[in-house]
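Below you'll find the structure, written out as structure tokens, and then a few comments.
No value in this document is a laboratory result; all are computed from the given coordinates. Predicted model, so just to flag it, every value in this text is computed and none were measured. Don't worry about glycine lacking a Cβ; one is built from the backbone with ideal geometry, like all the others, and counts go over all protein chains shown.
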Amino acid sequence: ASDCYGTLMDWEAGILAGLRAVLDPHGVRPPDEELLERYAAAEAALEAGPYRRYREVLRQGLESVASTYAVHPTAAEVAAFGGSVGDWPAFPDTRDALARLKARFRLGVLTNCDDDLFAASNRRLGVEFDWIVTAQQAGGYKPRLTNFYLLFDRVGLPRERILHVAQSLFHDHVPAKSLGLSTVWIDRRH
């Protein structure tokens with residue numbers, strides 16, 4: 001099972017492009033790392049609260065970050081950012097790696113995303129997954145263990161036969177390890 005955003009899809013590039021599209025016209029051009037840290041903190045706080053669709057998490061995350069720079073996005077900008085996931089690029093090695101893995105293994109995705117947004121991204125990945133578990137289906141976001149339990153129910157294999165591959169230590173590796181899964185860290189930062 002793999003995480004999607006940050007591991008297979010370039011979450012950072014997608015988030016930065018969306019934030020820059022709103023902030024740049026106002027002359028606000030903070031460093032990438034500052035924007036990513038502010039957005040990640042806003043997203044984590046939103047995902048820890050009551051469940052809301054990922055589009056709404058994106059919208060509110062944008063509004064939170066923009067407000068720290070005294071920028072007020074238009075309704076159209078907020079809506080565009082909320083649907084931008086389908087435009088986020090896959091990492092250059094993703095399609096080939098998934099194709100090679102699919103030839104020998106069954107593949108699953110455990111993602112903090114909505115069904116429709118993941119479906120748009122999945123078209124860029126070029127492989128048919130055997131299992132797809134989204135935050136929308138689980139009614140909440142990783143690192144909640146409930147998301148992993150839903151994956152276990154769908155996969156129907158002993159945990160020692162599941163390898164979880166992910167970039168995020170917080171969202172994926174800590175909960176996966178607490179449940180006895182073997183993990184592979186894909187370090188996509190920088």
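Give me the distance between the Cα centres of the range 1-66 and the range 146-190, rounded to whole Å. Between the Cα centres of the range 1-66 and the range 146-190 lies a distance of 23 Å. Protection proxy ranking of 4-12, 114-122, 153-161, 94-102, by the mean of other Cβ atoms within 10 Å over each peptide's residues and highest first, is 4-12, 114-122, 94-102, 153-161.
Could you give the angle, 0 to 90 degrees to the nearest 10, between helix 145-155's Cα long axis and the longest principal axis of the Cα atoms of the chain? Taking the Cα atoms of the chain, the angle to 145-155 is about 40 degrees.
Across all directions, the average projected area of the convex hull around the alpha carbons of the range 42-185 is 9.2 nm².
Once every DSSP H run of n ≥ 4 in the chain is given -39500 (n - 2.57) and the sum is divided by its residues, what mean residue ellipticity at 222 nm do you get, rounded to the nearest 500 deg cm²/dmol?
-14500 deg cm²/dmol
Scanning residues 5 or more positions from Met9 or on other chains, those with amide H under 5 Å from its amide H are Phe91, with H placed 1.01 Å from N in the peptide plane.
To the nearest ten degrees, helix 11-23 and the longest principal axis of the Cα atoms of the chain are 10 degrees apart. Farthest towards the positive end of the charge dipole of the range 1-115, among the residues Pro92, Ala1, Tyr39, is the Cα of Ala1, using unit charges on the Cβ of Lys, Arg, Asp and Glu. In a reduced charge model with +1 at each Lys and Arg Cβ and -1 at each Asp and Glu Cβ, the chain shows a dipole moment near 600 debye about its Cα centre. Computed 3J(HN,Hα) for the range 116-121, one whole-Hz value per residue from the Karplus formula 6.51 cos²θ - 1.76 cosθ + 1.60 where θ = phi - 60°, is 5, 5, 5, 4, 5, 5, glycine and proline marked x. Taking every DSSP bridge with both residues inside the chain, close to 10 percent are antiparallel. In this structure, the amide hydrogen of Leu107, modeled 1.01 Å from its nitrogen in the peptide plane, lies closer than 5 angstrom to those of Asp130, Trp131, counting only residues at least 5 positions away or on a different chain. Packing-based ranking of 174-181, 62-69 yields 62-69, 174-181, ordered from highest to lowest mean Cβ neighbour count within 10 Å.
Measuring nothing but how far apart in sequence close Cα pairs (under 8 Å, 6+ apart) lie, relative to its length, the range 1-157 scores a relative contact order of 27 percent.
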